[in-house]
Amino acid sequence: MIALAALWGASYMFIKIALDDGVPAPVIVWVRITLGALALCLMARGALGKLRGNWRPLSVVGLVQVAGPFLLITYGQRWIPSSLAAILVASAPIFVALMAPVIDRADVVGGWGIGGIVTGILGVALLFGVDLSGDGKLALGGAMVLVAGAGYAFGAILVRRDLGAAPPVAVAAGTMMVASILTLPTAVAGASAGDATLGTAAALLVLGVGGTGVAFYIFYALIADVGASRASVVAYLAPGFAVTYGALFLGETITATTIAGLGLILAGSWIAAEGRPPWARAQRAVVPEPCGEALLSRSGPSRSSEPAPEHAR
């Protein structure tokens with residue numbers, strides 16, 4: 001789980017490195033998605049046949065949970081620090097709590113869940129009011145990343161509703177393949193001649209194969225090993241790694257507002273997802289199906305407010 005959080009948290013740093021070296025945002029996104037798709041297809045080749053009949057929902061998920069958010073995050077990071085991008089993406093469970101009752105007609109939020117949503121929104125408002133204020137481009141970049149978090153949430157709900165019967169690793173590979181096709185035109189249109197350094201190539205390689213392909217594989221292995229709810233805890237660990245990487249390797253400033261916003265968003269996301277305070281024990285329902293089959297049939301936590309795997313994505 002620590003390795004997975006370290007990989008996902010590093011994704012924002014590698015995006016920033018490639019952007020600073022002059023690689024166009026659409027090219028970064030396409031290379032990342034394509035390398036991730038290749039890695040996932042190798043890992044899930046025995047299960048890809050079970051995606052038959054699911055390509056329409058896979059295409060929708062590939063657009064709203066992968067292609068769209070990856071483009072928004074990468075464009076947004078042209079103007080905001082990598083650490084702030086990771087923190088804003090961590091708001092995805094809050095969007096899930098807001099969307100799930102409408103889209104999936106599941107888990108109406110009330111009580112502590114509403115408190116979690118309000119807490120997370122206060123954290124977002126704090127970041128926009130202080131760290132992202134005074135410059136229109138800063139606010140625009142932050143808004144783009146925040147919309148990406150909403151896309152992750154929307155996609156997670158669709159995966160549970162429409163693709164719950166398919167093997168999760170195959171779903172991840174399928175959505176990446178679709179997203180690679182969808183982002184190819186923007187990559188071709190945005191490509192420009194330039195000198196790619198070895199460091200840039202290495203950053204893109206680690207971002208695609210490690211931060212996208214291998215990270216998804218580890219995530220689903222965790223689901224099978226320790227359960228979906230425990231595996232989802234990684235979503236709350238990754239932003240801490242991203243903030244640390246940004247400060248150590250990119251020279252990004254960690255302000256008191258950054259820490260406060262991170263704390264409010266993570267606390268709000270957790271409470272909105274769990275619907276209970278941290279000191280209250282979770283009540284687990286008994287699921288009448290074999291343990292391994294039950295775990296592998298889920299794409300996230302047992303509640304509808306599961307965070308999407310990229311907020312990491």
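The values are calculated or read from the model by the stated rules, or taken from the named source; none is laboratory data. Since this is a predicted model, take the numbers as computed values, not measurements. Glycine gets a Cβ as well: all are built from the backbone with ideal geometry, and neighbour counts include every protein chain shown.
Do we have any residue at all in segment 136-146 that's at pLDDT 90 or above and charged (D, E, K, R)? Within segment 136-146 (the criterion being at pLDDT 90 or above and charged (D, E, K, R)), the answer is yes, since at least one residue qualifies. Only residues that are crowded, with 24+ Cβ neighbours inside 10 Å, farther than 23 Å from Val89 by Cα and in contact with a Gly (Cβ under 7 Å, 6 or more places away or on another chain) were counted in segment 150-194, giving 0. If you go through segment 155-199 and keep only what is closer than 29 Å to Leu19 by Cα, touching a Ser or Thr at 6+ places or on another chain (Cβ under 6 Å) and not β-branched (Val, Ile, Thr), you end up with just Ser180.
Restricting Val118, Val124, Val178 to residues that are at pLDDT 90 or above, within 19 Å of Pro26 (Cβ to Cβ) and β-branched (Val, Ile, Thr) narrows the list to Val178.
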